[in-house]
Amino acid sequence: MDERQLLDAYRKVVPDLTEWGKWVDQTILTVLEPFEREHRLKIPPRFRVKDEPSFISKALYRKKSYTDPLLKIEDKIGTRVVMLTTADVNEVADLLMAHEGWQVKKDRDPREAIENSPNVFDYQSIHLVVQPSKTSSLFDDNVVNLLTCEVQIRTLLQHAYAEVSHDSTYKGPYKNDREIQRKLAKAMALMEATDDYFCEIFTLMTDQGRRYRLYLEELSSRFLSVRPEFTREQTDITLTDLVFELLAQQDVPLSEIDKFMVKREREIKPCIQANRSLLFRQPVILLIAYLLYEHQGFLKTNWPLNADALQSVMTGFGYSTEVY
(Lines give C-alpha, C1' and ligand atoms only; values in the text may rest on other atoms or scores of the structure.)
Protein backbone atom coordinates (compact mmCIF):
# COMPACT_ATOMS: atom_id res chain seq x y z
CA MET A 1 0.00 0.00 0.00
CA ASP A 2 1.54 3.32 -1.07
CA GLU A 3 1.29 6.58 0.86
CA ARG A 4 -1.83 7.84 -0.92
CA GLN A 5 -3.69 4.56 -0.46
CA LEU A 6 -2.72 4.40 3.22
CA LEU A 7 -3.84 7.98 3.78
CA ASP A 8 -7.21 7.29 2.14
CA ALA A 9 -7.69 4.19 4.29
CA TYR A 10 -6.80 6.16 7.43
CA ARG A 11 -9.26 8.94 6.59
CA LYS A 12 -12.07 6.40 6.26
CA VAL A 13 -11.52 5.08 9.78
CA VAL A 14 -11.07 8.49 11.48
CA PRO A 15 -14.82 8.96 12.20
CA ASP A 16 -14.93 5.62 14.03
CA LEU A 17 -11.67 6.45 15.83
CA THR A 18 -13.25 9.72 16.98
CA GLU A 19 -16.31 7.94 18.35
CA TRP A 20 -14.10 5.39 20.10
CA GLY A 21 -12.02 8.17 21.64
CA LYS A 22 -15.17 9.81 23.06
CA TRP A 23 -16.29 6.46 24.48
CA VAL A 24 -12.89 5.81 26.06
CA ASP A 25 -12.77 9.24 27.74
CA GLN A 26 -16.29 8.89 29.12
CA THR A 27 -15.58 5.39 30.40
CA ILE A 28 -12.42 6.57 32.16
CA LEU A 29 -14.31 9.45 33.79
CA THR A 30 -16.98 7.05 35.02
CA VAL A 31 -14.44 4.60 36.46
CA LEU A 32 -12.44 7.39 38.08
CA GLU A 33 -15.35 9.35 39.52
CA PRO A 34 -14.24 8.60 43.13
CA PHE A 35 -10.75 9.92 42.33
CA GLU A 36 -12.20 13.13 40.90
CA ARG A 37 -14.39 13.56 43.97
CA GLU A 38 -11.31 13.18 46.19
CA HIS A 39 -9.30 15.60 44.00
CA ARG A 40 -6.77 12.91 43.07
CA LEU A 41 -7.61 13.18 39.37
CA LYS A 42 -5.66 16.32 38.45
CA ILE A 43 -6.21 16.46 34.67
CA PRO A 44 -9.14 14.53 33.14
CA PRO A 45 -8.77 12.60 29.87
CA ARG A 46 -9.12 14.41 26.57
CA PHE A 47 -8.56 12.18 23.57
CA ARG A 48 -6.72 13.17 20.41
CA VAL A 49 -6.77 11.41 17.04
CA LYS A 50 -3.30 11.25 15.49
CA ASP A 51 -3.07 13.80 12.69
CA GLU A 52 -2.40 12.63 9.15
CA PRO A 53 1.27 13.72 8.86
CA SER A 54 2.12 12.04 12.18
CA PHE A 55 0.41 8.83 11.16
CA ILE A 56 2.13 8.69 7.75
CA SER A 57 5.51 9.56 9.29
CA LYS A 58 5.22 6.76 11.83
CA ALA A 59 3.81 4.28 9.32
CA LEU A 60 6.28 4.79 6.46
CA TYR A 61 9.33 6.76 7.53
CA ARG A 62 10.53 5.28 10.83
CA LYS A 63 13.11 2.52 11.15
CA LYS A 64 10.43 0.21 12.47
CA SER A 65 8.48 -1.17 9.53
CA TYR A 66 4.81 -2.14 9.68
CA THR A 67 3.36 -4.83 7.45
CA ASP A 68 -0.10 -3.43 8.18
CA PRO A 69 0.31 0.05 9.74
CA LEU A 70 -3.40 0.75 9.99
CA LEU A 71 -3.72 -2.28 12.23
CA LYS A 72 -0.34 -2.36 13.97
CA ILE A 73 -0.01 1.31 14.97
CA GLU A 74 -1.87 1.31 18.28
CA ASP A 75 -1.73 4.99 19.24
CA LYS A 76 -3.99 6.22 16.44
CA ILE A 77 -5.92 7.71 19.33
CA GLY A 78 -4.22 8.94 22.46
CA THR A 79 -5.63 10.09 25.77
CA ARG A 80 -4.04 10.64 29.15
CA VAL A 81 -4.97 10.67 32.80
CA VAL A 82 -2.92 12.81 35.18
CA MET A 83 -3.04 11.76 38.82
CA LEU A 84 -1.45 13.09 41.99
CA THR A 85 1.03 10.35 42.94
CA THR A 86 2.42 7.08 41.58
CA ALA A 87 0.25 5.24 44.10
CA ASP A 88 -2.78 6.76 42.35
CA VAL A 89 -1.31 5.90 38.93
CA ASN A 90 -0.88 2.24 39.87
CA GLU A 91 -4.37 2.04 41.39
CA VAL A 92 -5.94 3.63 38.30
CA ALA A 93 -4.03 1.32 35.96
CA ASP A 94 -5.31 -1.72 37.83
CA LEU A 95 -8.91 -0.43 37.67
CA LEU A 96 -8.75 0.26 33.95
CA MET A 97 -7.10 -3.10 33.30
CA ALA A 98 -9.97 -4.80 35.12
CA HIS A 99 -12.74 -2.91 33.31
CA GLU A 100 -14.88 -5.30 31.26
CA GLY A 101 -16.07 -2.78 28.67
CA TRP A 102 -13.02 -3.16 26.44
CA GLN A 103 -10.08 -5.30 25.47
CA VAL A 104 -6.96 -3.99 27.17
CA LYS A 105 -3.27 -4.72 27.30
CA LYS A 106 -0.37 -3.04 29.07
CA ASP A 107 1.99 -1.46 26.57
CA ARG A 108 4.41 0.10 29.07
CA ASP A 109 4.86 -0.33 32.81
CA PRO A 110 7.63 1.69 34.52
CA ARG A 111 7.56 -0.67 37.48
CA GLU A 112 9.07 -3.36 35.28
CA ALA A 113 11.63 -0.93 33.85
CA ILE A 114 12.71 0.12 37.36
CA GLU A 115 13.08 -3.50 38.41
CA ASN A 116 15.20 -4.29 35.33
CA SER A 117 17.30 -1.09 35.48
CA PRO A 118 17.21 0.26 39.06
CA ASN A 119 20.06 2.74 38.41
CA VAL A 120 18.32 4.47 35.48
CA PHE A 121 16.07 7.47 36.03
CA ASP A 122 13.89 8.03 33.00
CA TYR A 123 10.42 9.27 32.11
CA GLN A 124 7.81 7.06 33.70
CA SER A 125 4.16 6.55 32.92
CA ILE A 126 1.93 3.54 32.44
CA HIS A 127 0.60 3.01 28.93
CA LEU A 128 -2.45 0.87 28.23
CA VAL A 129 -3.94 0.08 24.83
CA VAL A 130 -7.72 -0.34 24.76
CA GLN A 131 -10.07 -1.35 21.95
CA PRO A 132 -13.73 -2.37 21.78
CA SER A 133 -14.53 -5.76 23.25
CA LYS A 134 -15.20 -8.57 20.82
CA THR A 135 -18.86 -8.57 21.84
CA SER A 136 -19.25 -4.81 21.38
CA SER A 137 -22.16 -3.64 19.25
CA LEU A 138 -20.85 -0.08 19.00
CA PHE A 139 -18.88 -0.62 15.80
CA ASP A 140 -18.94 -2.80 12.71
CA ASP A 141 -16.86 -5.96 12.98
CA ASN A 142 -14.61 -4.88 10.12
CA VAL A 143 -13.26 -1.85 12.04
CA VAL A 144 -13.13 -3.12 15.64
CA ASN A 145 -9.53 -4.35 15.31
CA LEU A 146 -8.45 -0.94 13.99
CA LEU A 147 -9.88 1.03 16.91
CA THR A 148 -6.95 1.10 19.31
CA CYS A 149 -6.44 3.91 21.81
CA GLU A 150 -3.33 4.44 23.92
CA VAL A 151 -4.13 5.55 27.47
CA GLN A 152 -1.22 7.20 29.31
CA ILE A 153 -1.47 7.32 33.09
CA ARG A 154 1.03 9.63 34.75
CA THR A 155 1.54 11.80 37.81
CA LEU A 156 1.42 15.58 37.87
CA LEU A 157 5.22 15.65 38.25
CA GLN A 158 5.68 13.27 35.32
CA HIS A 159 3.32 15.40 33.28
CA ALA A 160 5.42 18.49 33.98
CA TYR A 161 8.57 16.59 32.99
CA ALA A 162 6.92 15.37 29.78
CA GLU A 163 5.82 18.88 28.88
CA VAL A 164 9.41 20.11 29.21
CA SER A 165 11.19 17.18 27.62
CA HIS A 166 9.03 15.24 25.22
CA ASP A 167 8.54 17.49 22.21
CA SER A 168 11.89 19.25 22.49
CA THR A 169 14.13 16.25 23.16
CA TYR A 170 12.46 12.91 22.49
CA LYS A 171 10.87 14.22 19.29
CA GLY A 172 12.93 17.38 18.85
CA PRO A 173 16.44 18.53 17.89
CA TYR A 174 18.07 17.84 21.27
CA LYS A 175 17.72 14.07 21.47
CA ASN A 176 21.48 13.57 21.13
CA ASP A 177 22.59 16.52 23.26
CA ARG A 178 24.35 14.78 26.16
CA GLU A 179 24.32 17.77 28.52
CA ILE A 180 20.57 18.26 28.15
CA GLN A 181 19.94 14.54 28.50
CA ARG A 182 22.04 14.44 31.68
CA LYS A 183 20.15 17.35 33.25
CA LEU A 184 16.83 15.78 32.30
CA ALA A 185 17.91 12.54 33.97
CA LYS A 186 18.85 14.46 37.13
CA ALA A 187 15.46 16.21 37.06
CA MET A 188 13.71 12.86 36.73
CA ALA A 189 15.66 11.48 39.71
CA LEU A 190 14.58 14.45 41.84
CA MET A 191 10.98 14.04 40.69
CA GLU A 192 11.02 10.37 41.62
CA ALA A 193 12.33 11.22 45.09
CA THR A 194 9.71 13.98 45.47
CA ASP A 195 6.96 11.56 44.44
CA ASP A 196 8.17 9.12 47.10
CA TYR A 197 7.82 11.87 49.71
CA PHE A 198 4.37 12.79 48.40
CA CYS A 199 3.25 9.18 48.68
CA GLU A 200 4.53 9.01 52.26
CA ILE A 201 2.79 12.28 53.13
CA PHE A 202 -0.55 11.12 51.76
CA THR A 203 -0.19 7.82 53.56
CA LEU A 204 0.27 9.74 56.80
CA MET A 205 -2.67 12.01 55.97
CA THR A 206 -4.99 9.04 55.49
CA ASP A 207 -3.76 7.34 58.67
CA GLN A 208 -6.84 7.10 60.87
CA GLY A 209 -4.61 7.38 63.92
CA ARG A 210 -3.14 10.80 63.12
CA ARG A 211 -3.87 13.18 65.97
CA TYR A 212 -5.77 15.94 64.17
CA ARG A 213 -7.70 13.57 61.93
CA LEU A 214 -8.83 11.56 64.93
CA TYR A 215 -9.61 14.75 66.86
CA LEU A 216 -11.80 16.00 64.02
CA GLU A 217 -13.62 12.68 63.77
CA GLU A 218 -14.39 12.72 67.49
CA LEU A 219 -15.38 16.39 67.43
CA SER A 220 -17.71 15.70 64.49
CA SER A 221 -19.41 12.90 66.42
CA ARG A 222 -20.10 15.26 69.31
CA PHE A 223 -21.28 18.00 66.95
CA LEU A 224 -23.97 15.67 65.56
CA SER A 225 -25.67 15.75 68.95
CA VAL A 226 -26.02 19.52 68.56
CA ARG A 227 -26.79 19.68 64.81
CA PRO A 228 -28.16 16.29 63.72
CA GLU A 229 -28.46 17.47 60.10
CA PHE A 230 -24.67 17.85 59.83
CA THR A 231 -22.77 15.47 57.54
CA ARG A 232 -19.01 15.03 57.48
CA GLU A 233 -18.92 16.04 53.81
CA GLN A 234 -19.94 19.54 54.94
CA THR A 235 -16.70 19.99 56.87
CA ASP A 236 -14.68 22.97 55.67
CA ILE A 237 -11.17 21.55 55.98
CA THR A 238 -9.41 24.87 55.34
CA LEU A 239 -11.36 26.61 58.08
CA THR A 240 -10.91 23.65 60.40
CA ASP A 241 -7.15 23.62 59.91
CA LEU A 242 -6.93 27.31 60.76
CA VAL A 243 -8.84 26.83 64.02
CA PHE A 244 -6.79 23.72 64.83
CA GLU A 245 -3.72 25.98 64.99
CA LEU A 246 -4.95 26.75 68.49
CA LEU A 247 -4.32 23.12 69.50
CA ALA A 248 -0.63 23.52 68.70
CA GLN A 249 -0.44 26.18 71.43
CA GLN A 250 -2.79 24.75 74.01
CA ASP A 251 -3.83 21.13 74.39
CA VAL A 252 -7.59 20.69 74.72
CA PRO A 253 -8.46 17.08 75.56
CA LEU A 254 -11.76 15.87 74.18
CA SER A 255 -12.69 14.82 77.70
CA GLU A 256 -12.64 18.51 78.68
CA ILE A 257 -14.95 19.37 75.80
CA ASP A 258 -17.29 16.57 76.93
CA LYS A 259 -17.44 18.02 80.46
CA PHE A 260 -17.96 21.50 79.04
CA MET A 261 -20.83 20.36 76.80
CA VAL A 262 -22.61 18.76 79.75
CA LYS A 263 -22.09 21.81 81.97
CA ARG A 264 -23.01 24.41 79.34
CA GLU A 265 -25.46 22.48 77.16
CA ARG A 266 -28.42 24.78 77.85
CA GLU A 267 -26.33 27.80 76.87
CA ILE A 268 -24.31 26.68 73.86
CA LYS A 269 -26.72 24.30 72.10
CA PRO A 270 -29.41 26.92 71.31
CA CYS A 271 -26.72 29.41 70.23
CA ILE A 272 -25.18 26.97 67.76
CA GLN A 273 -28.53 25.77 66.42
CA ALA A 274 -29.87 29.32 65.92
CA ASN A 275 -26.80 30.64 64.08
CA ARG A 276 -26.66 29.91 60.33
CA SER A 277 -23.16 31.23 59.66
CA LEU A 278 -20.56 28.85 58.23
CA LEU A 279 -18.45 28.77 61.39
CA PHE A 280 -21.42 27.75 63.54
CA ARG A 281 -22.12 24.89 61.10
CA GLN A 282 -18.65 23.40 61.62
CA PRO A 283 -17.60 20.92 64.37
CA VAL A 284 -14.73 23.24 65.39
CA ILE A 285 -17.31 25.63 66.86
CA LEU A 286 -17.34 23.29 69.90
CA LEU A 287 -13.61 23.86 70.41
CA ILE A 288 -14.10 27.60 69.94
CA ALA A 289 -17.00 27.65 72.41
CA TYR A 290 -14.96 25.78 75.01
CA LEU A 291 -12.07 28.23 74.71
CA LEU A 292 -14.41 31.22 74.72
CA TYR A 293 -16.05 30.15 77.96
CA GLU A 294 -13.06 28.59 79.73
CA HIS A 295 -9.96 30.35 78.28
CA GLN A 296 -11.24 33.58 76.79
CA GLY A 297 -7.98 35.48 77.17
CA PHE A 298 -6.06 32.78 75.32
CA LEU A 299 -8.67 32.66 72.53
CA LYS A 300 -8.61 36.43 71.99
CA THR A 301 -4.81 36.57 71.98
CA ASN A 302 -4.33 33.66 69.60
CA TRP A 303 -7.47 33.95 67.46
CA PRO A 304 -6.48 32.51 64.03
CA LEU A 305 -9.26 34.11 61.94
CA ASN A 306 -10.13 37.74 61.26
CA ALA A 307 -11.55 40.16 63.83
CA ASP A 308 -15.03 40.12 62.29
CA ALA A 309 -15.19 36.36 62.76
CA LEU A 310 -14.26 36.71 66.44
CA GLN A 311 -16.89 39.39 66.92
CA SER A 312 -19.47 37.14 65.25
CA VAL A 313 -18.54 34.25 67.56
CA MET A 314 -18.75 36.36 70.69
CA THR A 315 -22.06 37.88 69.62
CA GLY A 316 -23.40 34.44 68.72
CA PHE A 317 -22.68 33.19 72.22
CA GLY A 318 -24.04 36.34 73.88
CA TYR A 319 -20.74 37.99 74.83
CA SER A 320 -20.11 41.71 74.68
CA THR A 321 -17.64 42.76 71.99
CA GLU A 322 -17.09 46.33 73.12
CA VAL A 323 -13.68 45.59 74.60
CA TYR A 324 -11.40 42.82 73.33
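List of remarks:
- The trypsin sites (Lys or Arg not before Pro) of region 276-319 meeting both criteria, a DSSP state outside H, G, I, E and B (loop) and at most 12 other C-beta atoms within 10 angstrom of the site's C-beta, are ARG276.
- Debye log10 I(q)/I(0) for the chain, one point scatterer per Cα, at q = 0.08 Å⁻¹: -0.59
- Accessible area of CYS199 in the full protein assembly, 1.4 Å probe (Å², nearest 10): 30
- Near VAL81, the amide H atoms lying under 5 Å from its own belong to GLN152, ILE153, ARG154; only residues 5 or more places off or on other chains count, and H is placed 1.01 Å from N.
- With a Förster radius of 56 Å applied to the beta-carbon distance between LEU71 and LEU239, the computed FRET efficiency rounds to 0.50.
- Which of LEU128, LEU157, LEU70, LEU138 is most accessible, then next, and so on - probe 1.4 Å: LEU138, LEU157, LEU70, LEU128
- For the pair THR315 and LYS105, label points projected 7 Å from Cα toward Cβ lie 6.9 nm apart.
- Solvent-accessible surface (1.4 Å probe) assigned to LEU224 amounts to roughly 60 Å².
- The mean of 1/r over all distinct Cα pairs in region 1-79, once inverted, gives the Kirkwood hydrodynamic radius of 14.2 Å.
- Helical segments meeting 24 Å axial Cα length and Kyte-Doolittle 0.0 threshold in the chain (DSSP H): 178-205
- Over region 230-324, equivalent-ellipsoid semi-axes from the Cα gyration tensor in Å: 17, 16, 16
- Listed peptides 59-67, 33-41 by packing density, highest first (mean Cβ within 10 Å): 33-41, 59-67
- Residue-level accessible surface for ILE237, protein heavy atoms, 1.4 Å, Å²: 90
- Accessible surface calculations at 1.4 Å, restricted to protein heavy atoms, place the chain at 58 Å² per residue.
- Divide the volume of the convex hull around the Cα atoms of region 41-114 by the residue count and you get 131 Å³ per residue.
- Projected label points at GLU36 and SER221, each 7 Å from Cα along the beta carbon direction, are separated by 3.4 nanometres.
- Surface listing: LYS12, LYS58 arranged by accessible area from highest to lowest gives LYS12, LYS58, probe 1.4 Å.
- Pairwise FRET efficiency - VAL262 versus MET97, Cβ, R0 = 45 Å, nearest 0.05: 0.25
The values are calculated or read from the model by the stated rules, or taken from the named source; none is laboratory data. Note that this is a predicted model, so its numbers are computed, not measured. No Cβ is skipped: glycine too gets one built from the backbone with ideal geometry, and neighbour counts run over all protein chains shown. Surface areas here come from the heavy atoms of the whole protein model, side chains and all, with no ligands, DNA or RNA. Shrake-Rupley method; radii C 1.70, N 1.55, O 1.52, S 1.80 Å.
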